[in-house]
Amino acid sequence: MKKVICFLLTISSLFYSCKEKTKKSTYIKKKVIDSAIVYTPKSELENEYLNFNSPEAINRIADIENEYFNGYRLNSSKYYGTQWYYSVGLSKDSPDSINVFQKYALEKNDIKLDSMHCTIFAVKALEAGFGKEFETIEKHHTKIWANREHAGWSLGYILTKFYNWKAYLFISKNSNEYDACLKNYKKDKKYHVWKQPNITLTGVFDVDDDKDDINNLLNLNEFGWGFSNQGWHTWITRFNYLKECNWLGAPSEKHNLSKSTPLFLKTKFTDYHDYNSHVIIFPPKKNETFINE
């Protein structure tokens, strides 16, 4: 009974941090099946940030996405969605056969498989961008939240509190927290996370009325750490595009029995309507000066 309770708590935690809505696929089928294709171009920019390397962060994500989509197309990738495992991977074609995940694992032989959901995906970028400094971030996280998993808001709090990253709120009038967010911003200039430390905000944008200003801000930043609706979903931005992991994503087209979108997606931020409130947090630039609190 104790094992069952632990299993249910684990699934509940993942669901809270990675709830996503289904959208149209951004994956395009290719006729060429015998050569690698670049789906995500790497960054060739010079790093502009202080104590964070955005090209390293972006290129880590590019490596993951290119490996995934080529594997998805040719045979199968080592990356698969955590919720795909539970919703599809454990199913069987017939009562006597092995399940879908077991077939997939046999295909990959001794290759280590890698379960992905939205926060895991985004953290890969942070780890690469911070390098060894990410170990200190982990210490901050453990000190505040003990052994709890990463969340968009928990790492967002650390980035603003200890690393001078700037957080902005992007919210629609249709958001169920619209009035509360504006009231809180007027009161203390913070985004209030339910029963968690609040995140200091630098500014607020209306996602419907301020699209030009939003694009201008995003285009100034190669990297942004983002989450939606109190942390239901975590993602990153690469300039004005939102890049996310769909935890229902299958490791290959042939294993995509639920016809879900692929594991990784990108959407122009101003066209992203899965949620009505978002926080994006940007690293400080080298030519900016800050006063530590």
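The values are calculated or read from the model by the stated rules, or taken from the named source; none is laboratory data. Being a predicted model, the structure only gives us computed values, none of them experimental. Heads up, the Cβs are rebuilt from the backbone with ideal geometry, glycines too, and the neighbour counts pull from every protein chain shown. Accessible surface is based on the protein model in full, side chains and every heavy atom, while ligands, DNA and RNA are left aside. Shrake-Rupley method; radii C 1.70, N 1.55, O 1.52, S 1.80 Å.
The table below lists the values:
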item	result
Packing-based order for 212-225, 119-132, using average beta carbon neighbours within 10 Å, highest first	119-132, 212-225
Dipole magnitude (debye, nearest 20) for the chain, charges at Cβ of Lys, Arg, Asp, Glu	700
Surface accessible to a 1.4 Å probe, H140 within the full protein complex, Å²	40
Solvent-accessible surface (1.4 angstrom probe) belonging to Y163, in square angstrom, nearest 10	40
Cut-off under 5 Å, modelled amide H: who pairs with S76 long-range	none
Area accessible to solvent at D179, 1.4 Å probe radius, in Å²	120
By accessible area with a 1.4 Å probe, ligands and nucleic acids excluded, highest first: order of I64, I98	I98, I64
Fluctuation leader among S35, S258, S87 - the chain, Gaussian network, Cα springs under 10 angstrom	S35
Alpha-carbon centroids, segment 226-267 and segment 150-168: separation in whole Å	21
The chain: most fluctuating residue of N240, N109, N53 per GNM, C-alpha cutoff 10 Å	N109
Long-range tail of P(r) for segment 111-232 (Cα pairs > 21 Å, %)	44
Simple Cβ-charge dipole of segment 119-217, Lys/Arg +1 and Asp/Glu -1, about Cα centre, in debye nearest 20	520
Residue-wise HN-Hα coupling along segment 42-54, computed from phi with Karplus coefficients 6.51, -1.76, 1.60 (Hz; x: Gly, Pro)	7, 7, 10, 8, 7, 5, 10, 9, 8, 6, 8, 9, 5
Correct option for semi-axes √(5λ) of the Cα gyration tensor in Å [calculated from the coordinates] among (i) 48, 25, 18; (ii) 33, 22, 19; (iii) 27, 25, 17	(ii)
Value of [θ]222 nm, deg cm²/dmol, for the chain, DSSP H segments ≥ 4, -39500 (n - 2.57) each, nearest 500	-11000 deg cm²/dmol
Gain on full stretching of the segment that runs from Y178 to D209 - 0.36 nm per residue minus C-alpha separation	9.7 nm
Candidates S94, S76, S43: whichever shows maximal mean-square fluctuation once the chain is modelled as a Gaussian network with Cα springs under 10 Å	S94
By accessible area with a 1.4 Å probe, ligands and nucleic acids excluded, highest first: order of D210, D63, D274	D63, D210, D274
Accessible area per residue, Å², segment 226-293 with all protein chains present, probe 1.4 Å	39
Distance in nm between pseudo-label sites at L220 and T202 (7 Å out along the Cβ direction from Cα)	0.7
